[in-house]
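The values are calculated or read from the model by the stated rules, or taken from the named source; none is laboratory data. Computed from a prediction, not measured in an experiment: that's the story for all the values here. With ligands, DNA and RNA removed, areas are computed over all heavy atoms of the protein, side chains included. Shrake-Rupley method; radii C 1.70, N 1.55, O 1.52, S 1.80 Å.
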Amino acid sequence: APGEYRLSATYAPRSGFDGVRIQPAAAAGAAHASGAAPASGGEAYPTVYYPGLTDSRQAGAVKVEPGADLQGFDLQLDRTHGVRVRGRVVAAYSPAPLLEMVALVSAGQRDPPGQQFNVVVRGTKGEFEFQGVLPGSYRLQVEAVGLDESSRMSVHRALEVGALDIEGIELTLAQPQSLSGRIVAPEGRKLPAGLIVLLQAREAEDRQGGGMAQAGADGAFTMPKVAPGEYDAVVASTEGGEDDAAYVHAMRMGDTDALAEGVRVGEGSLPPLEIVLKANGGAVECIVNDDKGGPVPDASVLLAPDAPRQRQAALFGECRTRADGVCKIVGIAPGEYHVYAFPGGTQIDRRDPGALKPFEKYGEAMKFAEGERRQVNLKTAPIE
């Protein structure tokens with residue numbers, strides 16, 4: 001179809017494209033003859049973008065006109081040294097799973113495809129190994145398969161790969177646990193109706209959800225089967241009213257500040273999660289206009305807390321503009337924020353520390369005191 005594109009080439013050994021093979025490197029003996037030690041991690045080929053770059057942000061645009069026949073867009077893959085990533089999976093329950101599926105997936109990349117590795121692990125040792133891994137940010141994830149659905153377990157962790165081999169990784173599979181807790185109403189008030197508690201994966205680009213529970217009239221809730229992992233707890237309302245300005249003041253899970261540090265589910269019993277609400281939060285009316293002053297309907301508006309609270313998921317706010325280009329965010333905890341507007345359908349992963357960095361000049365700095373009501377005019381940030 002006509003339009004502007006970025007052109008890339010990716011090579012992945014064992015990719016399933018029959019007949020595609022990269023010419024092997026010189027024999028290992030040549031390396032020994034030169035006095036160099038053979039690389040343990042094998043070969044790798046970074047994704048290359050036209051006109052010959054490995055950074056997608058600097059890629060050149062290829063413009064396709066209707067009926068065009070474009071030629072000469074050649075790309076050269078460069079061989080480089082990859083590293084080895086090796087470890088084992090341990091089951092903390094009995095009986096052990098029949099097999100484990102281990103995947104190493106690129107993380108933090110705006111433009112797929114990135115490197116991705118998969119292996120099926122069988123046997124009691126649970127050992128796995130990946131060769132030819134390029135430096136970068138990855139997510140190492142394991143899914144265990146048993147005889148029935150109740151024995152399906154998972155575990156995952158973030159992994160930073162550099163220039164050296166990574167050895168001795170140990171991932172422990174654990175059974176899902178029940179998480180209980182209570183939402184505490186603001187002092188002297190009843191709990192707002194329709195509150196739910198959600199657990200969202202804490203790592204960027206991880207779409208695994210921990211669970212969701214409806215809070216009762218007394219604020220009590222229970223999530224029966226939460227898979228091991230690290231999560232952020234957020235509170236939402238099924239009522240959707242704009243008049244209730246209660247906000248999350250604190251979250252505690254035993255001795256842990258769950259608002260700042262998240263909810264960790266793994267080995268050991270889980271203490272109850274207590275979520276304390278406070279009345280009289282701030283509110284902001286967001287007005288989104290285009291360059292000609294006209295309203296922008298269906299724009300996505302994001303309110304993000306500034307450092308050091310930028311990882312506190314419960315403090316973020318979102319709204320979508322109506323036909324008149326206006327929407328409202330309520331229940332804002334006191335503090336400093338930036339607010340951004342994006343074209344409708346834009347997906348911004350707030351868990352990625354660098355996700356908002358390219359849009360800093362389009363954000364408006366705002367500071368809210370308790371109960372403060374404010375208004376802000378915004379323009380949508382351009383999305384490449």
In order through the stretch 279-295: 3J(HN,Hα) via Karplus (6.51 cos²θ - 1.76 cosθ + 1.60), integer Hz, x for Gly, Pro: 7, 6, x, x, 8, 9, 9, 9, 10, 10, 10, 8, 5, 9, x, x, x
Fraction of accessible area attributable to carbon and sulfur, the stretch 320-384 (%, probe 1.4 Å): 46 percent
In order through the stretch 224-231: 3J(HN,Hα) via Karplus (6.51 cos²θ - 1.76 cosθ + 1.60), integer Hz, x for Gly, Pro: x, 9, 9, 5, x, x, 10, 10
Cut-off under 5 Å, modelled amide H: who pairs with ARG79 long-range: none
J(HN,Hα) series, the stretch 74-81, from Karplus relation 6.51 cos²θ - 1.76 cosθ + 1.60, nearest Hz, glycine and proline x: 8, 10, 10, 7, 10, 6, 9, 7
Extension gain from ARG79 to LYS63, taking 0.36 nm per residue of separation minus the Cα-Cα distance: 2.9 nm
Exceeding the 23 Å Cα-Cα cut-off - candidates LYS292/LYS361; LYS328/LYS379; LYS225/LYS328; LYS292/LYS357; LYS278/LYS367; LYS63/LYS357: LYS225/LYS328; LYS292/LYS357; LYS63/LYS357
Radius of gyration and Dmax over the Cα atoms of the stretch 177-313, both given in Å: 16.8, 58
Rounded Å value of the spacing that divides the Cα centres of the stretch 260-314 and the stretch 323-360: 9 Å
